Structures are given as C-alpha cells and as structure tokens.
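Below is one structure, written out as structure tokens; comments come after it.
A short reminder: the numbers here are calculations on the coordinates, not readings from a lab. None of these values were measured; they are calculated from a predicted model. As a convention, Cβ positions derive from the backbone with ideal geometry for all residues, glycine included, and neighbour counts pool all protein chains shown.
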Amino acid sequence: MTINKQKLVQEFIKTVKVPYKNPRKQMIIAPIGVVASGKTTTMKILKELLPVIYLNTDEARVFLRKKKLWNKIAAWELMNPAVEHFLKLNKSLIVDGDFVDWRTRRQPLEKLAKKFKTAVYYINITAPEDFIIRKLINKKWSKSGLFKDSAVGVREYFRRKPLHQKKLNIKFTGTVDTSKPIKPQILKIIPKIK
C-alpha cells in the first residue's frame, strides 16, 4: 500500500482548531518532560490563555492509529509539516510533545523557527516520580488511545526517563511542576514569551 503523506498531512491539518486572533509576535512553545509529567495538561491550560494553534503529538498518533498507519508513519511526519504549514500562515503554535531529543525533535523545530524568523520557547515540565507513576497506574488509557494499558505507560516512562537525566543544553523559559497548581506557574511564564 502506497501512502500519500501530503494528503495525510492535509487531513491532519483539517482537524486542528485555528484561533481567530493572532498574538502580537509569532512564536512556538514546546514542552520538555517525561511521559505523564503533565505536558499536555500544562499546554492545554497555556493555549486557553494565548491565541495559539495547538498541535499535539499524542493526537497525531491516535489519528494515525485510527487510519491503521501508526506502525508505518511516525507522528512527527505529520507534525513537522503541520508546523511549517501554520508558520507560513504567520500563526503561533504550541507543539505539544517531548522535545528532549535534539536530532529528531528540537533540531527540525528550530530549523523551521529559523526559516520563519520565529522564537522557540521551551518549557520544562516536571513532577516527582511517585506522582507520575501513580498517574500512569490510575489513568484509563483505553479512553485516550495513547497506551494500551497502564503497564505500557509505565514501561514507556522508564524507557524515556534516561533521556531526561542527561545534561540538556536548553535554555528553558520556565519550569512547571505539575504536582502543584499549574495555572499560577504558567501565569509567571507568560510575560517572558509575550
């Protein structure tokens, strides 16, 4: 079976909600945090406070699973062209995924940001490990479609955890500890990106 990636990207783009208003300056906001650290929760709160487009890698994975393509195409093969599409339209974005990896995540994003002369703001998302493990065990994964069950989520957490323990050469705009109230922490970060 031949996959028309361009058509698939266009289909994915049609699922994205575009805000009516644009912020004063174009920007990209990207989280870095381990599995279940609260990246999506934090980014969804942030998107309610800023006129930005919200792209989510988990939603891209679910989109691919529904099309029975999750094992043939990586979520980033949808996300990166979608980011470029919206940057061409002078839109600001939250690109919700884990940007800990330079080669596959941050480098392509920063190349696009440079091409469109757009700033990238990385937000460090963290929480105590026991908080994350409890969250992974208690979540009903079958509803989200992200993991088959809790065991897969916990396994994925421990698989990706070493990436976050390395010294990262990243200038974070701010840090959010999702075991504490999130919105007050976000409100302290927003002035740094506006």
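State to the nearest 20 debye the size of the charge dipole of segment 5-179 about its Cα centre, where the only charges are +1 on K and R beta carbons and -1 on D and E beta carbons.
Its charge dipole is roughly 500 debye.
Using the Karplus equation 6.51 cos²θ - 1.76 cosθ + 1.60 (θ = phi - 60°), what ³J(HN,Hα) coupling, rounded to whole Hz, does each residue of segment 71-84 give in order, writing x for Gly and Pro?
9, 10, 9, 7, 3, 5, 6, 8, 5, 4, x, 5, 4, 4
Could you work out the per residue convex hull volume over the alpha carbons of segment 80-194, in cubic angstrom? Working shown, then result.
Details: hull volume 15.9 nm³, N = 115.
So the per-residue hull volume is 139 Å³.
Just the Cα atoms of segment 115-182: what Rg and Dmax do they give in Å?
Looking at segment 115-182, its Cα Rg and Dmax stand at 14.9, 42 Å.
Given R₀ = 41 Å, what would the calculated FRET efficiency be for LYS5 paired with ASN169, taking r from the Cβ atoms and rounding to 0.05?
Efficiency, from the Cβ-Cβ distance: 0.85.
Whole percent per 10 Å bin, from 0 to the bin with the longest distance: what is P(r) over all C-alpha pairs of segment 5-179?
Calculated P(r), rounded to whole percents: 9, 37, 38, 15, 0.
Which links in LYS139/LYS166; LYS47/LYS115; LYS47/LYS114; LYS68/LYS140; LYS66/LYS117; LYS17/LYS114 stretch past 32 Å when you go from one Cα to the other? Provide the component values of the computation, followed by the final result.
Working: LYS139/LYS166 28 Å; LYS47/LYS115 24 Å; LYS47/LYS114 23 Å; LYS68/LYS140 22 Å; LYS66/LYS117 35 Å; LYS17/LYS114 24 Å.
Table pairs above 32 Å Cα-Cα are LYS66/LYS117.
Give me the one-decimal nm value for the distance between modelled label points at ASN22 and LYS161, 7 Å along each residue's Cα-to-Cβ direction.
For ASN22 paired with LYS161, the spin-label model returns 4.4 nm.
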